[in-house]
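Scroll down for the structure; my scribbles are underneath it.
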Amino acid sequence: MSESNHGSARVQVAQLTTKIKHLSVVLHKKIQVGILKRVLEEVEKVINEFKAMLLKLHFILDMTLLDNTVRLLLDLEPESDLV
């Protein structure tokens with residue numbers, strides 16, 4: 001056989017079919033990785049938003065606690081200077 005002869009049509013079709021299947025699997029995996037990467041990026045955004053909300057809530061709770069403490073102190077000693 002010469003270098004340009006790659007076998008019968010059936011052999012060539014079988015080889016191409018194998019290559020196509022392999023490339024399909026590789027492409028499918030790359031697509032899955034890309035999708036997972038985007039999902040993880042979105043999850044990270046949600047986590048960061050949640051952290052920001054927790055920080056705001058923590059600040060609000062601290063201010064509420066401070067406000068309640070000041071009110072309690074004023075109730076206990078209304079004439080006192082809190083400064």
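The values are calculated or read from the model by the stated rules, or taken from the named source; none is laboratory data. Predicted model, so just to flag it, every value in this text is computed and none were measured. Note: ideal-geometry Cβ built from the backbone for every residue, glycine included; neighbour counts use all protein chains shown. All accessible areas refer to the heavy atoms of the entire protein, side chains included, with ligands and DNA or RNA removed. Shrake-Rupley method; radii C 1.70, N 1.55, O 1.52, S 1.80 Å.
To keep it simple, each residue is scored yes or no on (1) loosely packed, with under 10 Cβ neighbours inside 10 Å; (2) in a helix (DSSP H, G or I); (3) modelled with pLDDT of 95 or more.
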{"residue": "Ala14", "(1), (2), (3)": "no, yes, no"}
{"residue": "Lys19", "(1), (2), (3)": "no, yes, yes"}
{"residue": "Leu57", "(1), (2), (3)": "no, yes, no"}
{"residue": "Asp67", "(1), (2), (3)": "no, yes, no"}
{"residue": "Arg71", "(1), (2), (3)": "no, yes, no"}
{"residue": "Asp75", "(1), (2), (3)": "yes, yes, no"}
{"residue": "Ser80", "(1), (2), (3)": "yes, no, no"}
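Does the stretch 21-41 hold any residues that are open to solvent by less than 100 Å² (accessible area, probe 1.4 Å) and of a type in the set (D, E, K, R), and which are they?
Answer for the stretch 21-41, where residues must be open to solvent by less than 100 Å² (accessible area, probe 1.4 Å) and of a type in the set (D, E, K, R): just Glu41.
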